[in-house]
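Comments concern the structure below.
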Amino acid sequence: MTAALPVLLLAAAVALWPPGAAVAGERVRRVAAGAARAAAPGDAPAAGARRRWLLAGAAGLAAGLLVGGAAGACAAVVVTAAGERALRAAAPDRDAEERAVLLRELPVACELLAACLGAGLPLAGALAAVAGAVPGPLGRRLHGVAALHRMGAAPRRAWADQPAELGGLARVLVRAGESGAAAVPALHALAGEARSAARAQAQAAVQRAGVWVLAPLGLCFLPAFVCLGVVPLVLGIAGDVFG
C-alpha cells in the first residue's frame, strides 16, 4: 500500500478541483484504483506472516506459562519458532495451485480455441473469446496474450512471459502465426495429450494412495511378526548355543 499512497493523495486532490477538471479527476481516480489493486496482492504474504507469528506466539506464550521459570522462557521461544515453521510449511502454495489449475483447464481451452479458429475468427478474437469462457488464471493469461496480439505484438513476444504449463499451446500458436501452419489439428492433438497426462497423474496418485493405505496395516503386523516369528527363533538358537 505504500507505493500506492502518492497516487491516492493525488486522486484526493483532483477530486476537490472544479467541475471543469472532472475528466482528469476520473482518470486519476482510475489510476489510483489500479495502483491499489496492484499493491494489494503484495500485502497478502506480509499479512500471512503476521498471522503465523501471532498464532505461534500465542502457542509459545501458553507453553511458557505452563512450564514456568527460565525453562518456560526457553520453551516459549522453541514452541514459537517451531510453530511458525510448521504453519509456514502447512500454508498452501499459490504457485502450485495456479499450475494445477492451468493444467486442468488447458484441454478445454485448446478445444475452444480450435472451434473458434475453425469458425474463422482471427487469433486475437479467438483468444479473447476463450479467455472470457475459461475461468481462473488461464482466462486471465489468455486475455493478456490477446491484448498483446491486438496491439500488434509478434506471436513469440505475446507468449514470452507465460508459464511452462502453457508452453505447448504457445508453440502451436506461435508456429501457426509465423509460418501459417494449421493450428486446429495441433490444438486437438494438444488437448488429447493434456488429458492423457492428467489421466496418468491421477492413476499414479491412486497407486500412491493405495500404498499409504496399506502402510498402517504393515506397521500393525510387523511387531506381531517380530514377536511371534523372529524372537522365538532367536531364543531357540541362543538356547542351543549357550545351553
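Can Leu148 be described as assigned by TED's automatic domain parsing to the domain that holds Glu105, touching a Gly at 6+ places or on another chain (Cβ under 7 Å), over 13 Å from Leu102 (Cβ atoms) and of a type in the set (A, V, I, L, M, F, W, C)?
no
For segment 174-208: of the residues being of a type in the set (Gly, Ala, Ser), touching a helix residue (DSSP H, G or I) at 6+ places or on another chain (Cβ under 7 Å) and closer than 16 Å to Ala100 by Cα, which is surrounded by the fewest Cβ atoms within 10 Å (Cβ to Cβ)?
Of everything passing the filter in segment 174-208, Ala198 is surrounded by the fewest Cβ atoms within 10 Å (Cβ to Cβ).
Select, from Ala202, Ala215, the only residue that is outside the structural domain of Val108 (by TED's automatic domain parsing) and either over 30 Å from Cys116 (Cα atoms) or not in a helix (DSSP H, G or I) (or both).
Ala215
State whether the residues of segment 148-161 include one that is over 21 Å from Ala131 (Cα atoms) and among the basic types (Lys, Arg).
Looking through segment 148-161, none of the residues is over 21 Å from Ala131 (Cα atoms) and among the basic types (Lys, Arg).
Of (1) in the same structural domain as Arg51 (by TED's automatic domain parsing); (2) in contact with a helix residue (DSSP H, G or I) (Cβ under 8 Å, 6 or more places away or on another chain), Leu127 satisfies all except one. Which?
Answer for Leu127: the failing condition is (1).
Looking at (1) modelled with pLDDT of 85 or more; (2) surrounded by 13 or more Cβ atoms within 10 Å (Cβ to Cβ), can you tell me which one Met151 breaks?
Of everything listed in (1) modelled with pLDDT of 85 or more; (2) surrounded by 13 or more Cβ atoms within 10 Å (Cβ to Cβ), Met151 misses just condition (2).
So which residues in segment 50-98 are modelled with pLDDT of 75 or more and either under 18 Å from the mean Cα position of the chain (by Cα) or in the same structural domain as Pro137 (by TED's automatic domain parsing) (or both)?
Glu97, Glu98
Within segment 154-173, which residues are surrounded by fewer than 19 Cβ atoms within 10 Å (Cβ to Cβ) and either among the charged types (D, E, K, R) or touching a Pro at 6+ places or on another chain (Cβ under 6 Å) (or both)?
Listed by number, the residues that qualify are Arg156, Arg157, Asp161, Arg171.
The values are calculated or read from the model by the stated rules, or taken from the named source; none is laboratory data. Quick caveat, the model's predicted, so the values are computed rather than measured. Cβ sites come from the backbone with ideal geometry, for glycine too, and all protein chains shown count toward neighbours.
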